[in-house]
Every structure is written in C-alpha cells, then in structure tokens.
Amino acid sequence: MRKIFGQYKKYLFDHREDLQERLFVLLTTIALIGLLVACLTGLFIGENWISLAGTMAFFFLFVAIVGLGYRYRKLRICANFLGNLLVFIFFPLIFFTSGGIYGGPTLWFLFAVLYIGMILRGKMRIFLLIGQFVVAAICYYLQYYELVEVVPHNLEEFYLDTIGSFIIVGIMLTILVSFQTYVYRMENKMALSQKEEIDALSKAQNRFFSSMSHEIRTPINTIIGLNEMILREDISPEVAEDARNVSAASKMLLNLINDILDLSRINARQMRLMVGPYRPTEMIADVVSMIQVRAQEKKLLFTVNISESLPLVLSGDEVRIKQILINILSNAVKYTEEGRVTLAVECEGRGKETELCFSVSDTGMGIKKENIPYLFTAFRRMDEDRNKHIEGTGLGLSIVKQLLDLMGGTVKVNSIYQKGTTFMIRIPQEVINEDAAGAVDLKSIQDGEGYRQSFEAPDARVLAVDDTKANLLVVSKLLRDTKISLDTASSGAEALNLTLQKEYHVILMDHLMPEMDGIECMHRIREQVGGLSKKARIVALTANAGREDRVLYEREGFDGYMTKPVSGAALESELFRQLPKHLVTAFREDMEEQDTVRWRRGEKKKPYAITMSSISDLPKELVESAHISVIPIQVETARGFFRDGIDLDTDAVLSFMNAEGREMKIHSATADELEGFFLSNLQSANNVIHLSVSSGVADTSYFAAMEAKRALDNVTVVDTGQISSGLGLMVLEACRMAEEEASLEEIQVRMEEMRNLVHTSFLVDNLDRLAESGQVGWILERLTRAFMIRPEIRMEKRKDSGRQAFLRLQGCGQEAVCGGLPEASRRDRLKQALHYLCGA
C-alpha cells in the first residue's frame with residue numbers, strides 16, 4: 001500500500017507529466033472519496049435506496065475506468081468518458097432520487113461544471129459544459145412543473161443532505177484549487193530557476209564568443225599584415241593574385257567571426273553602433289575586393305553601379321554597413337551558378353539627412369514565395385534539400401535584419417524562384433561632405449590592389465607594446481616605408497623600462513597582456529617618476545572589437561583606438577593623426593589600376609514606377625510623356641490573341657466588334673506575367689506602384705497582381721475601384737505625386753481619396769453587346785431600343801461587394817461626363833482634363 005501511495009504521489013508532483021491529466025487523477029480520487037462518503041452519509045440519514053445503489057454503482061464504475069486508464073495511459077479518453085457519464089446519467093439520476101432542488105444535487109452540479117472546465121479540453125469541454133447547463137435546466141423545469149416524480153426529502157433529510165454535500169464538495173474544491181496553486185507556484189519557481197540558468201549560460205556564451213574573437217583576431221592580424229607586405233613587394237602577377245586571394249579569404253573569415261560575435265551581442269541586447277565619418281566609395285571598394293574573388297572563382301559577372309550623386313563623406317557605422325553588404329553579396333554569389341551579380345548604390349534625400357540605398361541582384365536560384373517570411377530567421381536555410389551542398393551557417397541574413405533594425409534601416413526582397421533575387425537595403429545616414437563623388441573609378445581605391453604610402457616621419461619615435469611577437473613583426477613591417485624609428489616591447493614591464501630611457505611621440509598598446517595589462521601600463525607611463533614619455537600619445541591596438549571596449553579605452557584616457565587585424569593604410573592614417581605635424585612629411589602617389597571587376601557608371605534609379613493595365617483610355621502620347629508602364633490585356637478573337645495597344649488599338653477593337661458575328665474575349669495578365677512585368681520596372685525604379693482595374697469587375701487583374709507581389713516586397717498594388725477613364729485619372733495623379741517626390745504613404749492616401757471621389761460612367765447607344773455576353777437580359781435590351789433609351793453604365797460602390805458596374809437607364813438628350821462623346825472627342829476632352837489635373 002505504501003508503495004502504491006508513493007507512486008501515486010510521485011505521479012501527481014511530476015512536472016514532466018501533463019498537468020490536466022494529473023488534475024484528472026487527483027479530482028477523480030477526490031470524487032471517489034466523496035462518493036464513498038456520500039454513500040455512508042446516505043445510509044446514516046436513511047437515503048432512498050435507488051439513490052444509494054446508483055451512487056455505489058458509479059463508485060465502482062469510476063474505480064474500474066480510472067484504473068484501466070492509468071494502466072494503459074489513456075487518461076484523456078477516460079476523462080471524456082467520465083464527463084459524459086456525470087453529465088447525462090449520474091447527476092440527473094441523483095437529482096431525481098435525492099430531493100431535487102431540496103437536497104444536495106445542486107452543489108454537485110457546481111462540482112461537475114468545475115470538473116469539466118479544469119479537466120477537459122477542446123470541443124469536448126465546450127460540448128459538456130453546454131450539456132451540463134442544458135441538463136440542469138431540464139431537471140429544474142421538470143421538477144417545477146411536476147412532470148417527473150422526484151423522491152422527496154423531509155426537512156431533516158434536506159438539512160443533512162445539503163450540509164453533507166456542502167462539506168464534501170467544499171473539501172474537494174479546496175483540495176483541487178490548493179493543488180493547482182501549488183503546482184503553478186512550483187512551475188513558476190522552476191521557470192525562474194531555469195531563467196537564471198539560461199542567463200548564466202548566455203553570459204558564459206558571450207564571454208566565450210568574446211574570447212574566441214580575441215584569440216582568432218590575433219593570428220588573422222598576422223596573416224593579413226604580412227600578406228599586405230607581400231603585395232607591396234615587386235612580385236610576379238601569379239604571386240600577387242594568390243596574395244589577394246589570401247587577403248580576401250582572411251577578411252571573409254573575419255566577417256564570419258563578427259557575425260557570430262554580433263549575434264551573441266544582439267541576443268544579450270548589448271549591441272551598440274560605432275558612428276563616425278567614412279567615405280562610402282572606399283568602403284564599397286573594400287567590400288568588392290573581397291567578393292570579386294568568389295565571383296571570379298564561379299565565373300560570374302560582377303557588376304557595380306555607383307550613383308554619381310553619392311556624397312563624398314557620410315556619418316554612420318561603417319563596419320556594420322560593410323558587414324551587411326558582405327553578407328548579402330556573399331549569399332548572392334553563393335546561390336548563383338551562372339550569370340551575374342549586380343550591386344547598385346545611391347543616396348536619396350536632401351540636406352544633412354539622407355538614405356544610403358543598396359540593391360543587390362543576382363540570376364541565381366531564387367526563393368520560393370512561402371519561404372520569404374522565414375528568410376531572416378537565424379540558423380534557418382531555405383530549400384535545404386537543394387542547397388545542402390552549399391556551405392553556410394544560416395546566420396548572415398538574420399544578422400543583416402537585426403543590424404538594420406538597430407540602425408533604423410529596412411530590407412526588402414524581390415525573388416522569383418529559379419530566376420533570381422534582389423535585396424533592397426535603405427540605411428539612414430548623416431551627410432558630412434555634400435560634394436558628389438562623381439564618376440569615381442573605384443578600381444583605383446580597392447584595398448590590396450596597390451600600396452599608397454601616405455607620409456614619412458624619420459624623426460618620429462614610436463613604441464609598440466604587445467605580448468605576441470607576430471603582432472610586433474606585423475607593425476614593424478607595415479611601418480617600414482614611413483621610416484619611423486620604431487621600438488617594440490613584449491610586456492608592460494619592458495615598456496616601462498624603455499619609457500625611462502627614451503621619449504616616444506606615440507605608443508601603440510595592446511590590452512590583454514600577462515602580469516600587467518595595457519590599461520595599467522598606460523596609467524603607469526602617465527605617472528612614471530622620471531619617465532620621458534608622460535606626454536606621449538597612447539593608442540590602444542587590440543583585438544577587443546566591441547563598442548563597449550572603445551568606450552572603456554576612451555574612459556581610461558587612451559588617445560586613440562584601433563582593432564586587429566589592422567591594415568597598413570589604417571595604421572598610417574592613425575599615426576598621421578597622432579604624430580606632431582612638424583615631424584611628418586605628407587605625400588600621395590597614384591595607385592595601380594587593374595581591371596578585375598566590371599564597374600559601371602552609376603545612373604540613379606527613380607523612386608517610383610507607376611504601372612497600370614491598358615484599359616485606362618489614356619492617349620498613347622500622354623502615357624509615354626508621363627513614363628507610365630502599361631501591361632496590355634489580351635484580346636482573344638477567332639483569328640488569335642492580340643495585345644491591346646500593341647498589336648491593335650481601340651479603333652481596331654471597335655471595328656471588329658461592330659462586324660456581324662464577331663465575338664471576342666478579354667484576358668487580363670496572369671500572376672506570372674505580372675511578376676515579370678514588375679521585375680522589369682524594378683530595373684529602373686526602387687518601388688513599383690501598380691494601379692489595378694477595380695477588383696469588383698469581371699476578369700480583373702487585381703487578384704493576379706496581389707499574388708505576384710507576394711514575392712516582391714517593394715511592389716504596392718492599389719485597387720482603384722475604377723475602369724477606363726477613372727483609372728486614367730488616378731494613374732496621372734499618382735504620376736504627378738511621384739514626380740513631386742511624395743512618399744509612398746502619401747500616394748496611397750491620395751489614391752484612397754480619389755477612389756471615393758472619381759466616378760466612371762459611359763453612355764452607350766444600345767445594350768447589344770451586354771446582352772450577347774449575358775450581362776443583361778434580352779427583354780431589357782429590346783425595351784431600351786424600343787423606347788430610344790440611352791443606357792448609362794457606371795461604377796458604383798456597393799456595400800455587399802465593393803465597386804461594381806451597374807446599369808442606369810437615361811432618356812435621350814441627357815449628357816454624361818466624357819462617356820457620351822465620340823471616341824476622338826472624348827479622348828481630347830479627357831486629355832485636357834488630365835493635363836489640367838496634373839498641372840501639365
């Protein structure tokens with residue numbers, strides 16, 4: 001018995017078991033005890049033998065069902081079965097055999113409601129709750145109208161049965177609620193404990209990533225630094241190409257390390273931006289020099305398109321922007337087997353605030369529409385079966401999205417599966433120098449394509465302090481051409497000894513060193529008694545690359561901060577800034593040019609392309625002058641398919657329709673056709689605004705356009721609620737606003753206003769064509785002809801189904817706007833109205 005009780009107790013308090021199943025076992029146990037007590041109480045007060053027999057029968061039935069359910073782990077089925085027994089058999093039987101409302105059954109009804117609500121789930125719970133209320137109502141109704149004989153209780157039995165039921169049900173409810181409260185309290189305690197463990201694990205993970213970053217940066221610094229020295233030498237083209245590949249691979253490895261470190265910082269909410277001035281052309285050249293090696297390996301054409309209006313100097317986090325570009329371009333090259341990868345760069349905005357816009361397009365495998373919402377999820381790769389041979393961690397795009405969110409930027413994706421993908425990135429930046437970069441040949445500033453010495457300082461004395469000899473070797477070689485007098489120290493103690501003997505103008509100090517770290521060494525040099533370098537400029541040169549590290553060094557009093565790996569250009573730039581100007585002789589040499597990437601002169605994309613279908617009644621010359629892109633509808637005739645406005649014009653359509661026995665059908669563009677149409681417009685515009693024919697008319701292209709835009713983030717589809725001239729009016733208004741550089745939101749608001757203001761209607765001579773197509777009945781057609789009525793067709797907004805075309809009968813002689821005029825006059829009148837509306 002003790003063993004059984006121990007197992008029972010262990011099951012009840014085992015948090016791994018389902019809570020509702022544990023509640024069921026507890027509640028059933030309490031109910032069985034309650035039934036047993038109720039039977040004994042019934043015997044004591046002389047309860048009706050039918051009631052006692054029913055209670056005992058249910059007691060043994062409950063024991064059997066619960067035992068079987070527990071043994072075969074089918075407690076959920078048992079709970080549903082017992083719920084039905086209680087509601088539809090047990091409680092009605094007890095009600096009519098135990099005094100009805102003048103006894104304890106009313107309290108047991110309350111217990112049944114609690115049992116169903118806490119134990120059961122889903123549709124069964126709803127069904128039995130409704131059933132319980134219905135059964136209770138029926139029982140009360142039958143007793144009130146005396147339709148069923150209820151075994152009565154005398155006054156003494158009434159009091160005893162009521163108080164007994166109250167005590168039993170009260171104890172059961174108290175135990176049940178107390179147990180549930182205890183379970184929730186324990187679960188909460190366990191959750192808090194797990195949270196503390198997770199926080200501790202997260203901190204340990206962040207420490208590990210930070211340490212790993214520091215340890216890996218040290219050998220990478222050696223690789224990149226010494227490789228740069230190889231590139232400075234007079235070497236063969238083959239060796240130079242190999243060295244450039246080593247440099248690119250090292251930088252890609254460094255970018256991967258940054259991704260891992262940044263992900264841990266973002267998750268810990270410790271990510272901070274390091275904003276400062278930078279030259280975007282130099283940053284882009286550095287990125288391209290890394291990506292072009294991979295593109296060349298796969299024989300891909302890598303095209304770079306830079307807008308000539310790009311400002312010369314911007315302010316932002318150059319490192320993070322570079323990281324975003326590397327991730328996007330790496331993916332483009334990685335998932336493209338043949339064809340090209342294109343990078344386009346431009347700025348949008350005026351004054352001191354601008355948006356730096358990048359567009360990365362490829363002709364790769366594309367992304368399925370259903371996968372686009374999960375594109376920026378960490379460690380998730382799309383189309384895994386197809387892409388399993390492609391290396392990658394699944395981190396890149398997640399890092400991109402989170403960094404852009406941190407900078408207030410956005411990323412949009414256009415992708416057609418098996419055709420290619422375009423990523424569009426916009427990042428707010430501050431303009432430092434508004435001078436346009438112009439037609440800059442970025443080949444001349446690509447890092448690693450040629451060394452450009454910036455100064456000489458033979459009288460300058462510099463001390464480099466680092467516990468790693470390879471790092472000291474890199475610094476000494478990178479500064480060799482500057483003719484600086486350079487000393488090195490492998491520890492803080494050795495550095496202090498040297499500063500007692502010499503006066504140094506600049507000291508390059510590592511941070512993490514054994515025995516005495518760089519911060520302590522810096523303070524000792526500042527306070528050194530008899531020291532000759534108290535006024536030296538001390539620069540932290542460390543592998544600690546976080547913003548919090550930069551803040552630390554600034555707070556401690558360092559004069560500068562550089563991260564490893566360090567390039568020769570960056571090292572010379574920092575020393576040029578720190579050294580006394582009278583010691584430095586500045587000069588500049590042109591860099592060697594090599595044609596390794598196809599550079600294109602940048603043409604800035606327009607912000608919006610306004611598109612529509614061909615049934616807008618706009619004159620062709622007006623469409624061309626407003627640069628409106630039109631996707632034609634297909635006209636099906638007995639002679640084949642023709643494109644409206646291309647293969648035939650309006651007059652040809654009317655002539656064909658007036659011929660006897662000629663039938664034609666109209667086909668709007670499909671989703672695939674619209675996808676291609678939108679993509680072609682995105683080659684010259686950053687966004688597409690497509691004004692569709694009303695969604696309430698037959699054969700509308702609106703729904704196909706909505707399906708097409710699922711794969712294209714920067715396509716906006718507007719349901720104009722119009723056809724023909726009304727559509728034309730709204731298209732030209734959108735063109736006017738786009739020309740005035742209105743925002744997308746402003747254009748959408750204006751289109752919604754015009755949707756309610758513009759009404760399209762036509763006066764027609766007869767209803768022949770509508771009757772032939774089944775749109776109206778033949779009786780109505782004959783009546784209009786007999787009484788010389790000119791019908792008016794108008795688009796109206798209906799509550800039930802939006803805008804729909806409907807017919808209004810109008811007597812002869814009445815006029816309608818534009819619609820009742822001959823074709824040529826109508827177009828002239830419409831053209832005049834549209835020119836007035838657009839301020840042309």
Among the residues of region 495-512, the number that are crowded, with 17+ Cβ neighbours inside 10 Å and either in a helix (DSSP H, G or I) or small (Gly, Ala, Ser) (or both) is 4
Within region 685-702, of all residues that are among the polar types (S, T, N, Q) and under 25 Å from the mean Cα position of the chain (by Cα), the one nearest to GLU746 (Cα to Cα) is ASN687
Counting only helices (runs of 4 or more DSSP H) entirely within region 698-766, those with at least 2 residues that are more than 29 Å from THR410 (Cα to Cα) and open to solvent by 30 Å² or more (accessible area, probe 1.4 Å) are 744-757
Notebook entry, point to check: Is one or more of the residues making up region 354-368 farther than 21 Å from LEU253 by Cβ, in a loop (DSSP other than H, G, I, E, B), open to solvent by 10 Å² or more (accessible area, probe 1.4 Å) and without any contact (Cβ under 8 Å) to a residue 24 or more places away in the chain?
Noted result: no
Within region 565-595, residues at pLDDT 80 or above, open to solvent by 50 Å² or more (accessible area, probe 1.4 Å) and more than 22 Å from ILE223 (Cβ to Cβ) come out as PHE576, ARG577, LYS581, HIS582, THR585, ALA586
Q.
Could you go through region 732-747 and let me know if any residue there is aliphatic (A, V, I, L, M) and under 20 Å from LYS665 (Cα atoms).
A. no
Scanning region 714-739 for residues that are touching a helix residue (DSSP H, G or I) at 6+ places or on another chain (Cβ under 9 Å) and modelled with pLDDT under 80, the one nearest to SER361 (Cα to Cα) turns out to be GLN722
Screening ILE119, ILE175 for residues that are under 20 Å from LEU75 (Cβ atoms) and touching a Phe, Trp or Tyr at 6+ places or on another chain (Cβ under 6 Å) leaves only ILE119
- Item | VAL150 being part of a helix (DSSP H, G or I) and either in contact with a Leu (Cβ under 9 Å, 6 or more places away or on another chain) or free of Cβ contacts under 8 Å to residues at least 12 places away in the same chain (or both) | no
### Query
Going by the conditions given, is THR410 out of contact with any Cys (no Cβ under 7 Å at 6 or more places or on another chain), open to solvent by 20 Å² or more (accessible area, probe 1.4 Å) and either closer than 26 Å to SER307 by Cα or modelled with pLDDT of 85 or more (or both)?
yes
Inside region 201-232, the number of residues satisfying the requirement of being over 29 Å from the mean Cα position of the chain (by Cα), at pLDDT below 75 and either open to solvent by 60 Å² or more (accessible area, probe 1.4 Å) or of a type in the set (Gly, Ala, Ser) (or both) is 2
A careful count of residues in region 279-289 that are open to solvent by less than 10 Å² (accessible area, probe 1.4 Å) and either more than 15 Å from VAL345 (Cβ to Cβ) or touching a helix residue (DSSP H, G or I) at 6+ places or on another chain (Cβ under 8 Å) (or both) gives 5
When every residue in region 553-564 that is part of a helix (DSSP H, G or I) and at pLDDT below 85 is compared, the one farthest from ASN471 (Cα to Cα) is ARG555
- Going by the structure shown, is MET186 more than 42 Å from the chain's Cα centre (by Cα), touching a residue at least 12 places away in the same chain (Cβ under 8 Å), more than 30 Å from THR97 (Cβ to Cβ) and part of a helix (DSSP H, G or I)? no
The condition of being under 12 Å from LEU356 (Cβ atoms), modelled with pLDDT under 90 and surrounded by 22 or more Cβ atoms within 10 Å (Cβ to Cβ) holds, among ILE306, ILE326, ILE321, only for ILE306
With criteria (1) outside any helix (DSSP H, G or I); (2) at pLDDT 60 or above; (3) over 23 Å from LEU727 (Cβ atoms), ILE779 comes up short on (1)
Picking from ILE198, ILE167, the residue that is surrounded by 14 or more Cβ atoms within 10 Å (Cβ to Cβ), farther than 30 Å from ALA243 by Cβ, among the β-branched types (Val, Ile, Thr) and out of contact with any Gly (no Cβ under 6 Å at 6 or more places or on another chain) would be ILE167
Within region 471-494, residues among the small types (Gly, Ala, Ser), crowded, with 23+ Cβ neighbours inside 10 Å and either assigned to a helix (DSSP H, G or I) or in contact with a His (Cβ under 8 Å, 6 or more places away or on another chain) (or both) come out as GLY492
LEU61 meets each of (1) open to solvent by 30 Å² or more (accessible area, probe 1.4 Å); (2) under 21 Å from VAL150 (Cβ atoms); (3) among the aliphatic types (A, V, I, L, M); (4) over 51 Å from the mean Cα position of the chain (by Cα) with one exception, condition (2)
For region 453-470, the count of residues that are in a helix (DSSP H, G or I) and either open to solvent by less than 60 Å² (accessible area, probe 1.4 Å) or of a type in the set (Phe, Trp, Tyr) (or both) equals 1
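The values are calculated or read from the model by the stated rules, or taken from the named source; none is laboratory data. Treat the numbers as computed from the prediction; the structure is a model and nothing was measured. With ideal geometry, Cβ positions are generated from the backbone for all residues, glycine too; neighbour counts draw on all protein chains shown. What goes into the accessible areas is simple: the full protein's heavy atoms, side chains included, and nothing from ligands, DNA or RNA. Shrake-Rupley method; radii C 1.70, N 1.55, O 1.52, S 1.80 Å.
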